[in-house]
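Beneath this line is the structure, given in structure tokens, with notes to follow.
The values are calculated or read from the model by the stated rules, or taken from the named source; none is laboratory data. Given the structure is predicted, the values throughout are model-derived calculations rather than measurements. Cβ placement follows ideal geometry from the backbone for every residue including glycine, while neighbour counts extend to all protein chains displayed. The area values use the complete protein model at the heavy-atom level, side chains included, leaving out ligands, DNA and RNA. Shrake-Rupley method; radii C 1.70, N 1.55, O 1.52, S 1.80 Å.
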Amino acid sequence: LPHTITKLHSKKPLRIVAYGMSITRGLDIRSYDTVPPYMPTYVSLFVRQLRKAYHNPSIKLYNAGLPGSAVDWGAQYADKYVNPLKPDLVILDFGMNDFWRLTPDQFKGYMETIIKNVKAANPRVEIILISNMKFDPDYVLNSDKFKSFYEGNLEGYSHVLKQMETKGIINLDMYSLSAFIYDRKKAKDCISNPLHPNDYLARWFAQELSASLIR
């Protein structure tokens, strides 16, 4: 992300838009639910770390996450909800509401449309694509004939997003990281419900985002 890194090092103003769903918004994180200790959302933690690491208070965050939103909605409204904010960096966080119905190729097509629409307004905008965490392995019963379809879609999203990496676009693979964590720690210790991270796993989102930009 050369333009973002340059702005960070030169301490110029940086505008970040997080565009996605309920996980993006921070649903079930303590600050969202106004429950002590009021931990901030993962995108807020990320921006806080950037400000601290680069001694730059002029890094602004706009959280455009909408609970329940799907990637086709994201493609339809990116120009309306993202472009007026004039972002330098956009975090795209979709997928947890899509694996029920969209194949990886369909999901990729909508993500490409979002990027195209955002870059039409600002060709220099840079993108972080987040591959969603795994949902609770016990969420879908083995007797459900669509289980392999759901699981295959979500895993497939992580593969197609990785393929979309190029100069100015990177992928944060929370799918693989969450699988690694679940192998060592019970999934239910990491989630607030089958589809949302708790404070613990949300910190992993923030930590990995921070690691991608702090040098």
Between residues in region 1-28 that are at pLDDT 95 or above and residues that are open to solvent by less than 10 Å² (accessible area, probe 1.4 Å) and assigned to a helix (DSSP H, G or I), which pairs lie under 6 Å by C-beta distance while being six or more apart or on different chains?
18/24; 18/43
Any residue at all in region 133-145 that is touching a Ser or Thr at 6+ places or on another chain (Cβ under 8 Å), of a type in the set (Lys, Arg) and open to solvent by less than 70 Å² (accessible area, probe 1.4 Å)?
yes
Among (1) in contact with a Gly (Cβ under 9 Å, 6 or more places away or on another chain); (2) open to solvent by 60 Å² or more (accessible area, probe 1.4 Å); (3) not basic (Lys, Arg), the one test that residue 200 misses
(1)
Could you say which residue among 60, 108, 119 is without any contact (Cβ under 8 Å) to a residue 60 or more places away in the chain and farther than 23 Å from residue 12 by Cα?
108
For residue 85, indicate whether it is at pLDDT 95 or above and more than 16 Å from the chain's Cα centre (by Cα).
yes
Regarding region 126-145, can at least one residue be identified that is in a helix (DSSP H, G or I) and more than 16 Å from residue 205 (Cβ to Cβ)?
no
If you take the residues in region 56-81 that are under 19 Å from residue 1 (Cβ atoms) and of a type outside the set (Gly, Ala, Ser), which one is surrounded by the fewest Cβ atoms within 10 Å (Cβ to Cβ)?
60
Could you say whether any residue in region 82-97 is of a type in the set (Phe, Trp, Tyr), open to solvent by less than 10 Å² (accessible area, probe 1.4 Å) and either touching a Gly at 6+ places or on another chain (Cβ under 9 Å) or outside any helix (DSSP H, G or I) (or both)?
yes
Those residues of region 28-68 which are part of a loop (DSSP other than H, G, I, E, B), over 13 Å from the mean Cα position of the chain (by Cα) and of a type in the set (A, V, I, L, M), in sequence order:
29, 35, 39
When you check residue 150 against the structure, is it open to solvent by less than 10 Å² (accessible area, probe 1.4 Å) and assigned to a helix (DSSP H, G or I), yes or no?
no
Just to be sure I understand, how many residues within region 177-192 are open to solvent by 50 Å² or more (accessible area, probe 1.4 Å) and touching an Asp or Glu at 6+ places or on another chain (Cβ under 9 Å)?
2
Evaluation of residue 157 against (1) under 14 Å from residue 133 (Cβ atoms); (2) in contact (Cβ under 8 Å) with a residue 60 or more places away in the chain; (3) open to solvent by 60 Å² or more (accessible area, probe 1.4 Å) (one fails), failing number
(3)
